[in-house]
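Laboratory data are not the source of any read-out in this text; all were calculated from the coordinates shown. Everything numeric here is computed off the predicted structure, so don't read it as measured data. A quick note on method: Cβ atoms are made from the backbone with ideal geometry, for glycine too, and the neighbour counts reach across all protein chains shown.
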Amino acid sequence: MSYVDSHLLPNEKVVHRTHLHKIMFFWPGVLACAMFAAGVWILMHPAYRAGFAGLCFVVGVAFLLAPYIQYISSEFAVTNKRVIIKVGFISRQTLETLLQKVEAIGVDQTVLGRILNYGSITITGTGGTRESFYNIVDPLAFRRAVQEESDTSNTQTNLN
């Protein structure tokens, strides 16, 4: 069960989910490919030992392991009551903010981010707390979901 699903309050439902963008694998992938190429080159030259080639392959996999763990262990959700974000596996960062306590949600996108539909979000809560999260898929949709649910919860509060 996911972190978000296991921490829902009574009568709370998820209205929007997103995750990290695969762009986070670009530079580790480039480094891993370089290590794999070095390993193949070492295997093709008998003057070098096969152990070095194996080491190159292990290091190449290690370059991809950390971003993969971060990718599968990060969750971003908007519910009808809160914004819930969890990033990390061993070292975990969580944010659970009531929609009424969100003052602003900023989106930053580079040109490449706009083309590939990823970016960063910065959530500012009451009291000036600021939390930033990077490489989020479709950050504008995440912001829109927060704004729509915030408007919905404010309308319901005013009706009561």
* Asked: Between Glu103 and residues 5 or more places away or on another chain, which pairs have amide H atoms under 5 Å apart, with H built 1.01 Å from N, and which residues are they?
  -> Thr124, Gly125, Thr126
* What does the charge count near His21 come to, summing +1 for each Lys or Arg and -1 for each Asp or Glu among other residues with Cβ under 13 Å from its Cβ? -> +1
* Structure fact -> Long-range amide H partners of Asn135, meaning residues 5 or more apart or on another chain whose placed amide H is closer than 5 Å, are Gly119, Ser120
* Structure fact -> Most exposed first, judged by fewest Cβ atoms within 10 angstrom, Val146, Val40, Val14 run Val40, Val14, Val146
* Structure fact -> Note, region 86-101: 3J(HN,Hα) by Karplus (6.51, -1.76, 1.60, θ = phi - 60°), whole Hz, Gly/Pro = x, goes 10, 10, x, 10, 7, 9, 10, 10, 10, 9, 10, 10, 5, 4, 5, 8
* Structure fact -> Per residue convex hull volume, Cα only, region 35-89, in Å³ is 58 Å³
* Placed amide H near Thr79: partners under 5 Å, 5+ positions off or other chain -> Val15, Ile84
* **the chain: proportion of alpha-carbon pairs further apart than 29 angstrom, %** => 34 percent
* Asked: Tell me, what are the semi-axes, in whole angstrom and largest first, of the equivalent ellipsoid of region 14-109 as set by the roots of 5 times the Cα gyration tensor eigenvalues?
  -> 42, 12, 9
* Asked: What is the helix-to-structure angle for 50-72, meaning the angle in degrees between its Cα long axis and the longest Cα principal axis of the chain, kept from 0 to 90 and rounded to the nearest 10?
  -> 10 degrees
* **Net dipole in debye of the chain [+1 Lys, Arg Cβ; -1 Asp, Glu Cβ; about Cα centre; nearest 20]** => 320 debye
* For region 91-152 and region 1-33, distance of Cα centres in Å -> 13 Å
* Karplus-derived HN-Hα couplings along region 135-141 (A = 6.51, B = -1.76, C = 1.60, θ = phi - 60°), whole Hz, x at Gly and Pro -> 6, 8, 5, 6, x, 5, 5
* Tell me, what is the percent relative contact order of the chain, built from C-alpha pairs under 8 Å that lie six or more residues apart? -> 23 percent
